[in-house]
Amino acid sequence: MVNGMDAVIKVERLEKTVNLADGGRLTILQDISFSVAPAETVAIVGASGSGKSTLLGLLAGLDVPTSGQVSVQGKDLSILSEDARAQVRGAYIGFVFQSFQLLPALTALENVMMPLELAGREQARDIARQCLVRVGLEQRLSHYPKHLSGGEQQRVALARAFATSPSLLLADEPTGNLDSDTGHQIIELMFELNRETRTTMILVTHDESLAARCGRSIRLRAGHLDT
């Protein structure tokens, strides 16, 4: 177990339940505790419906737990307002999604610039350009998402995620919408960027070969840690 003082993210006795229409309650996650160290790579795995996506949303502060605590860089997300959680995300967290989540009205360069500008970073255009060059898209800076292949869109998403030098990268099925060869290329690029930046990386995946690339796996079974 990582020392809590050194952890980038710390989860303590996390529980998430929801109210049902019939008056009952559904427990999605129960008694989840773990810590993740700086530069560590962790896969969250488990069958569909095991609670993986719910857990990722709680780690990102996109949702709040019914009980328990999620701390990112020592900040307890469960006691923060929605706006304050958004500030934590902007300061410390990068995201990569299965569906890319690029803004269609923005070029590749503008998509990568956006989080930099929101964070008030100087020279956002230059930083974004460097990030896109790093992922091999120097010839696609002015292209809109609809003119990019799936693999190219995910490269833009990777550049955007790493552009702000986040302490923590959260990825939700990052190769789920890609063919096998393209997915393999994206995986290699993700781990290259991780080694270069030493960003802590947590991946939700069904892909056991991707999970095996991580330093360790957290396996969920019906909302519990499967130990």
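A straight line joining the Cα centroids of the range 120-170 and the range 197-220 runs 22 Å.
Counted over the chain, the DSSP beta bridges are approximately 50% antiparallel.
The Kirkwood radius of the range 111-166, taken over pairs of alpha-carbon atoms, gives through the Stokes-Einstein law at 37 °C and 0.692 mPa s a diffusion coefficient of 296 µm² s⁻¹.
Helical runs (DSSP H, four residues minimum) scored at -39500 (n - 2.57) apiece and divided by the length of the chain put the mean residue ellipticity at 222 nm at -10500 deg cm²/dmol. Computed over the chain with a Gaussian network model linking Cα atoms closer than 10 Å, the most mobile of Ala124, Ala159, Ala105 is Ala105. Assuming R0 = 35 Å, what is the FRET efficiency of Ala47 and Ser81, from their Cβ-Cβ distance, to the nearest 0.05? Computed FRET efficiency for Ala47 and Ser81: 0.55. Scaling the Cα radius of gyration of the range 1-111 by the globular reference 2.2 N^0.38 Å produces a ratio of 1.19. Between Ser67 and Glu192, the FRET efficiency from the beta-carbon distance, with R0 = 45 Å, is close to 0.70. In the chain, the longest principal axis of the Cα atoms and the axis of helix 82-92 are about 60 degrees apart.
Summing Cβ point charges (Lys, Arg +1; Asp, Glu -1) relative to the Cα centre of the chain gives a dipole of roughly 180 debye.
In summary, the convex hull built on the alpha carbon positions of the range 51-127 has an orientation-averaged projected area of 6.3 nm².
Annotated for the chain: lysine pairs at least 8 residues apart or interchain, Cα distance under 25 Å, count 5.
Need the full-extension length gain, Gln185 to Arg221, defined as separation in residues times 0.36 nm minus the C-alpha distance. One decimal, nm.
Net length gain for the segment: 10.0 nm.
Given a 1.4 angstrom probe, I'd like the percentage of the accessible area of the chain that is carbon and sulfur, rounded to a whole number.
47
Quick one: Kirkwood hydrodynamic radius for the chain, alpha-carbon pairs, angstrom, one decimal?
Working: mean 1/r = 0.0553 Å⁻¹.
Across the chain, the inverse of the average 1/r is 18.1 Å.
The HN-Hα couplings worked out from phi for the range 186-199 by the Karplus form 6.51 cos²θ - 1.76 cosθ + 1.60 (θ = phi - 60°) are 5, 4, 4, 5, 4, 6, 4, 5, 4, 5, 5, 9, 6, 6 Hz, whole numbers, x standing for Gly and Pro.
Figure the gain on full extension for Asp31 and Glu117 (residue separation times 0.36 nm, minus the Cα-Cα span) and round it to one decimal in nm. Display every interim value, and only then the final one.
Working: separation 86, 0.36 × 86 = 30.96 nm, distance 3.82 nm.
Additional length available on full extension: 27.1 nm.
Scan the chain and report its longest stretch carrying no GluC sites (Glu not before Pro) that are both in a DSSP loop and have at most 12 other Cβ atoms within 10 Å. The longest such stretch corresponds to 1-121. Taking 0.36 nm per residue of separation and subtracting the current Cα-Cα distance, fully stretching the chain between His143 and Gln130 would add 3.1 nm.
The values are calculated or read from the model by the stated rules, or taken from the named source; none is laboratory data. The structure displayed is predicted, hence computed values, not measured ones. Virtual Cβ from ideal backbone geometry, glycine too; neighbours counted across all protein chains shown. We work out accessible area using only protein heavy atoms, side chains counted, and drop any ligands, DNA or RNA first. Shrake-Rupley method; radii C 1.70, N 1.55, O 1.52, S 1.80 Å.
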